[in-house]
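Read through the structure below, which is laid out as structure tokens, and then see the notes.
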Amino acid sequence: MSAKTLGPVRRKFAPWDDPSSKPLIEIRQVTKNFGSFTAVDDVSLNIYEREFFALLGPSGCGKTTLMRMLAGFEEPSAGQIIIGGQDMAGIPPHKRPVNMMFQSYALFPHMNVEKNIAFGLEMDKLPKGEIAARVQEMLKLVKLEQFAHRKPHQLSGGQRQRVALARAIAKRPKVLLLDEPLGALDKKLREETQFELLDLQMQLGMTFVIVTHDQDEAMTMADRIAVMDKGQFVQISPPAELYEHPQTKYVADFIGDINLLEGRVTKNERGRITLDSDVTGGVIDVHADSSAGAGDKAWFALRPEKAAISLLPPNDPQTNCAHGTVWDIGYVGDISVYHVRLDQGGSMRASIANTSRVVERPITWEDKVYLTWTPDSGVVLTK
Amino acid sequence: MKRLSAFNVVSLTLGFSFLYLPIVLLILYSFNAGRSVAVWGGWSTKWYGSVFENDQLLDAAWVTLQVGVLSASVATVLGTLAALALARYGRFRGRTLFSAMVYAPLVMPEVITGLSLLLLFVAVNLDRGFWTIVLSHITFTMCFVAVVVQSRLASFDRSVEEAAMDLGCTPFVTFFRITLPIILPAVISGWMLAFTLSLDDLVIASFTTGPGATTLPMKIYSDVRLGVKPEINAVCSLMVGVVTIAVVIASIMTKRQEVERERAERAALAGR
């Protein structure tokens with residue numbers, strides 16, 4: 001394997017927290033109806049220059065429709081889309097400062113790789129020499145120099161994906177839209193390509209908006225992620241915040257694996273929340289902010305890797321502790337996931353990193369175990 | 001591969017003989033040296049020679065060729081547009097009616113098509129002749145082109161067109177640079193089909209023609225009524241040749257296109 005050259009280091013980047021920064025894309029209260037079906041329901045969003053933004057959600061959540069409205073293939077039923085200060089209403093796709101990479105790649109089957117990449121430049125009526133130079137540059141960028149004269153059907157899936165990418169960025173658009181760009185690649189290639197896309201975005205200084213249903217993809221690449229459900233944004237946050245501070249059960253459940261323990265709030269003061277939970281049979285003490293008031297129903301959301309599993313009871317088994325029987329162990333390789341049937345009914349999962357190569361685990365099926373966590377390891381959700 | 005049973009062999013032989021024996025006989029007798037169309041008098045190609053000296057036959061052939069090329073070309077344009085409208089504009093008002101009306105001439109008896117066209121030409125007081133034959137051939141071959149092109153468009157990935165527009169191409173240019181080259185094989189086979197249909201047509205041409213415009217099938221038919229000359233056999237054999245070539249080219253193009261598509265699909269699946 002040849003040593004891979006790494007791109008520039010990604011620095012802290014958060015223009016969305018800076019009220020003085022001007023967004024590149026403004027989506028203002030956009031709604032899209034198809035007949036009686038509302039695909040996108042009154043959404044607003046700002047995307048900033050050089051941002052890598054992901055629209056994440058299950059199929060049918062409206063993410064692709066929203067992207068197609070940015071590209072100009074659909075007109076919003078209501079609301080406004082502004083790109084680079086210009087209102088996009090009534091502007092057809094071929095006059096917009098965005099380019100799109102299609103899920104099916106949509107390569108022109110009757111043109112070779114070179115012609116495919118040159119197409120957009122020819123449409124701009126650039127001089128021949130410049131087109132040739134730009135095509136060479138693109139071919140080099142996506143490492144396809146020796147495939148310039150192949151037709152799309154003579155390429156592998158990964159190569160076609162690169163041609164589609166090269167073609168979309170050849171015009172150096174302000175914004176590149178990517179519709180499930182890695183959906184058709186196998187897992188290994190997908191992971192490699194994720195990082196290549198990131199490097200490319202840094203090098204080119206372009207704004208990328210990606211549509212995906214794959215949360216790993218969104219988490220790895222994006223600066224911010226908008227989780228969509230039923231045509232609306234559920235939460236817009238940077239990946240770490242989305243993972244550690246989900247605002248709803250939907251987001252918590254959609255991103256990664258999570259335990260949701262139902263309880264009733266007994267106290268909420270200055271960031272300290274106490275819940276009574278029938279699931280653990282005790283008290284859950286959390287250091288987190290929540291609007292939940294005393295008496296409200298709420299859920300304590302705890303990631304499996306933040307729960308400790310032990311054969312011995314902790315000092316205070318009444319607080320932040322659940323006990324039960326190991327029902328199943330999922331060995332994933334880097335981690336093992338323990339499914340525990342709680343004595344109070346219900347179940348919880350705890351995952352442990354396999355830092356040693358010993359295959360015999362001290363904790364095994366049918367063992368009586370205690371799951372414990374610290375007060376700052378989870379959040380309290382009310383919806 | 002499974003071996004053919006005796007029953008299959010017999011039915012195949014009978015079926016193909018039924019289809020092709022008359023044509024084989026026709027071609028065979030076009031090489032007959034004797035004057036009689038039914039009695040074999042040895043090999044000769046003299047009837048082919050006399051065809052090319054018969055000005056009336058050559059004129060008729062020339063008219064047929066012009067009608068065929070003109071009507072097939074216009075029918076291809078119109079048929080392709082109809083196919084695009086049917087394949088693209090999903091559910092417009094009256095779509096079912098429109099598609100039924102495009103396809104109806106496929107099954108319409110030629111006598112009715114011919115008669116109704118004649119009535120129309122008479123009603124609008126159009127002088128019947130060369131151009132009325134062209135018009136009527138456009139009418140009845142257009143639907144065949146539409147069927148061929150529409151079946152190609154059914155498997156057309158529209159995101160290819162969207163990609164072109166996304167890259168700065170106007171919808172108009174997109175059609176000529178992207179859509180048309182991709183569906184071109186289907187358009188060409190549509191043209192071939194329209195051309196052969198026009199070449200063969202006797203009924204509609206007889207209804208809609210006027211003085212001075214005689215197509216080859218019309219000429220042959222009127223000659224045969226006065227008695228079959230071996231010359232006719234030669235002309236017909238030549239026509240069989242032209243039609244065969246056109247049909248073979250059209251089917252090769254369709255086949256090629258299918259093979260290419262299959263290969264592309266296989267490659268796409270392998271790339272996943």
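The values are calculated or read from the model by the stated rules, or taken from the named source; none is laboratory data. Not measured: the values here are computed from a predicted model. A quick note on method: Cβ atoms are made from the backbone with ideal geometry, for glycine too, and the neighbour counts reach across all protein chains shown. When the accessible area is computed, the model is the full protein with side chains, heavy atoms only, and any ligands, DNA or RNA have been set aside. Shrake-Rupley method; radii C 1.70, N 1.55, O 1.52, S 1.80 Å.
Points worth noting:
- Residue count, region A:111-130 (criterion: open to solvent by less than 60 Å² (accessible area, probe 1.4 Å) and over 32 Å from the mean Cα position of the chain (by Cα)): 6
- Hey, B:Leu199 within 14 Å of the chain's Cα centre (by Cα) and either within 14 Å of chain A (Cβ to nearest Cβ) or surrounded by 13 or more Cβ atoms within 10 Å (Cβ to Cβ) (or both) or not: yes
- Some residue of region A:279-289 being touching a Phe, Trp or Tyr at 6+ places or on another chain (Cβ under 8 Å) and surrounded by fewer than 16 Cβ atoms within 10 Å (Cβ to Cβ): no
- The residue that is nearest to the other protein chains (Cβ to nearest Cβ), counting only those in region A:131-147 that are among the basic types (Lys, Arg) and open to solvent by 60 Å² or more (accessible area, probe 1.4 Å), is A:Lys143.
- Evaluation of A:Gly35 against the conditions (1) within 14 Å of chain B (Cβ to nearest Cβ); (2) at pLDDT 90 or above shows that the sole unmet condition is (2).
- Here A:Arg150 passes the criteria (1) within 9 Å of chain B (Cβ to nearest Cβ); (2) part of a loop (DSSP other than H, G, I, E, B); (3) closer than 22 Å to B:Pro181 by Cβ except the one numbered (1).
- Exactly one residue out of A:Ile81, A:Ile91 is at pLDDT 90 or above and out of contact with any helix residue (DSSP H, G or I) (no Cβ under 7 Å at 6 or more places or on another chain): that is A:Ile91.
- Only one of A:Lys249, A:Lys171, A:Lys187 that is touching a residue at least 60 places away in the same chain (Cβ under 8 Å), within 14 Å of another protein chain (Cβ to nearest Cβ) and charged (D, E, K, R): A:Lys171
- Summed over region A:84-116, residues that are more than 18 Å from A:Ile27 (Cα to Cα) and either more than 10 Å from chain B (Cβ to nearest Cβ) or hydroxyl-bearing (Ser, Thr, Tyr) (or both) total 6.
- Residue in region B:14-29 that is outside the structural domain of B:Thr132 (by TED's automatic domain parsing), touching a helix residue (DSSP H, G or I) at 6+ places or on another chain (Cβ under 6 Å) and of a type outside the set (A, V, I, L, M, F, W, C) present: yes
- Test: B:Ala205 is open to solvent by less than 60 Å² (accessible area, probe 1.4 Å) and over 13 Å from B:Ala60 (Cα atoms): no
- Some residue of region B:13-23 being in a helix (DSSP H, G or I), in contact with a Cys (Cβ under 8 Å, 6 or more places away or on another chain) and in contact (Cβ under 8 Å) with a residue 12 or more places away in the chain: no
- Residue check for B:Leu184: assigned by TED's automatic domain parsing to the domain that holds B:Asp200, open to solvent by 40 Å² or more (accessible area, probe 1.4 Å) and either touching a residue at least 24 places away in the same chain (Cβ under 8 Å) or within 30 Å of B:Ala213 (Cβ to Cβ) (or both): no
- When B:Met192, B:Met165, B:Met253 are checked against the criterion of being more than 14 Å from chain A (Cβ to nearest Cβ), touching a helix residue (DSSP H, G or I) at 6+ places or on another chain (Cβ under 6 Å), crowded, with 16+ Cβ neighbours inside 10 Å and under 30 Å from A:Gln159 (Cβ atoms), B:Met253 stands alone in meeting it.
- Residue within region B:166-176 that is at pLDDT below 85 and touching a strand residue (DSSP E or B) at 6+ places or on another chain (Cβ under 7 Å) present: no
- For region A:326-383, the set of residues classified as among the charged types (D, E, K, R) and open to solvent by 90 Å² or more (accessible area, probe 1.4 Å) consists of A:Asp334, A:Arg341, A:Arg357, A:Glu360, A:Glu366, A:Lys368, A:Asp376, A:Lys383, listed by residue number.
- Among all positions in region A:193-205, there is no residue which is crowded, with 17+ Cβ neighbours inside 10 Å, under 13 Å from A:Lys63 (Cβ atoms), among the hydrophobic types (A, V, I, L, M, F, W, C) and touching a residue at least 40 places away in the same chain (Cβ under 8 Å).
- Tally of residues being closer than 18 Å to A:His287 by Cβ and crowded, with 16+ Cβ neighbours inside 10 Å across region A:214-243: 1
- Residue check for A:Leu126: touching a residue at least 40 places away in the same chain (Cβ under 8 Å) and either closer than 22 Å to B:Glu161 by Cβ or more than 8 Å from chain B (Cβ to nearest Cβ) (or both): no
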